[in-house]
Amino acid sequence: MPPPYENLTPDRILDAVESAGYRCDSRLLALNSYENRVYQVWLKDGASLVAKFYRPGHWPDAAILEEHQFALELAGHEIPIVAPLVLQDATLHQHEGFRFALYPRRPGRSPELEDRDTLRWLGRFIGRIHAVGATKAFAHRPALDIESFGNEPSRFVLDHDFVPADLRDTYRSVAADVLGCVARCYERAGKVRNIRLHGDCHAGNILWTDQGPHFVDLDDARTGPAVQDIWMLLAGDRTTMTIQLAAVMEGYREFNDFDSAELALIEGLRTLRVIHYAGWLARRWDDPAFPVSFPFFNTQRYWQDHILALREQAAALDEEPLELAV
């Protein structure tokens, strides 16, 4: 099948934006995005906006519209999320076979996650996001679980011969062992509450200004435990992560309760992300942008390092969860 964005030419991008009622001045800049295609587009009046073209065949329209509605709902509660523009009573538009949405341009810099005040500030807003996310459920967006983030991507890379022949048995064994450890993390946590999440709340999706943070890219919004939007802010050794967690929770608990049983899921969720990432690259390998942007993938060295990373995660999964002061 042809590459998904083969026909998304600069002229077609500009025509799509103008079909929504804007006048472009012919300038555009590709922004950092691989799952979708995202561009800054300049307008005749000197302003600019962001056009996001959705990957064909990935999310159904209903799931995209649910993402948009969640973003608008958060913005309606004065939470700093970059929500799509409502144009002609719609947020999702079509042009010559491509689905797209337009967003206001909100620049910013990466947050300083080493700073406790920054972490507290982020914790407050994540707590507010989760307070809204808990009020209703997604109907069209999936849940984050072991099957979709662990079992399915590990099967895919094996079934489609991405893992080198001499590493296949090792990968299969290590992946099975580590997913068993993840399952035990879920058992340890018990019955945790699943809510609507940002889903991909890492530093690259948080932009900082002198007025504070704003959150972007709800493309991976899904249902899951609250700690999914927290653990990606934690890095380093156990002592460092404990300090970071305390700062985030200090802000979070100003606006929301947190079930400390979810801390048992942190390393499990980290492990699922490692496995899912490899599967995501494999599924997108027929997109010409991926071999160019990720030349390290699908090499002997990559899979050796990937297996090593999973073994390191197995060791982390055997450790006691982080603790949170009451």
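FYI, it's all coordinate maths here, none of it is from the lab. Since the model is a prediction, treat every value here as computed from it, not as a measurement. When we count neighbours, we look across all protein chains shown, and the Cβ atoms used for this are built from the backbone with ideal geometry, even at glycine.
Overview of results
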| item | result |
| --- | --- |
| Residue (of S48, A75, L85) at the positive-pole extreme of region 10-104, dipole from beta-carbon charges | S48 |
| Electrostatic dipole magnitude of region 10-104 [Cβ: Lys, Arg +1; Asp, Glu -1; Cα centre; debye, to 20] | 320 debye |
| R0 of 35 Å, Cβ-Cβ distance A315-L72: FRET efficiency to nearest 0.05 | 0.25 |
| Rounded, prolate or oblate (a/c below 1.5 giving rounded, otherwise prolate when a/b exceeds b/c) for region 186-300 by Cα gyration tensor | prolate |
| Percent of C-alpha pairs per 10 Å bin, region 181-240, short to long | 19, 40, 33, 7, 1 |
| Inter-site label distance for A134 and V292 at 7 Å from Cα along Cβ, in nm | 4.5 nm |
| Whether region 234-326 is rounded, prolate or oblate, judged on the alpha carbon gyration tensor where a/c under 1.5 counts as rounded | prolate |
| Global form of region 75-133, assessed from the alpha-carbon gyration tensor, a/c cut-off 1.5 | prolate |
| Under the Debye formula (equal points on every Cα, no solvent term), log10 I(q)/I(0) of the chain at q = 0.06, 0.09, 0.13 Å⁻¹ | -0.22, -0.51, -1.08 |
| Region 126-199: trypsin sites (Lys or Arg not before Pro) in DSSP loop, at most 16 other beta carbons within 10 Å | K136, K191, R193 |
| Distance between modelled label sites at D115 and A261, nm, 7 Å Cα→Cβ extension | 3.7 nm |
| Within straight-line cross-link reach of K44, lysines at Cα separation under 28 Å, skipping those fewer than 8 residues along the same chain | K52 |
| Within the chain: Cβ-based charge dipole about Cα centre, in debye rounded to nearest 20 (Lys, Arg +1; Asp, Glu -1) | 360 debye |
| Residues R270 and A183, FRET efficiency given R0 of 22 Å [Cβ-Cβ distance, rounded to 0.05] | 0.90 |
| Computed magnitude of the charge dipole of region 88-226 (debye, nearest 20; Cβ of K, R +1, Cβ of D, E -1) | 740 debye |
| DSSP-defined beta bridges in the chain - what % are antiparallel, rounded to 5 | 95 percent |
| Inter-label distance, nm, simple model (7 Å from Cα along the C-beta direction), N151/R172 | 1.7 nm |
| Region 10-104: Rg to Rh, with Rh as the Kirkwood radius over Cα pairs | 0.95 |
| Selection from P142, W231, A131 lying farthest towards where the dipole of region 116-317 points positive, charges on Cβ | A131 |
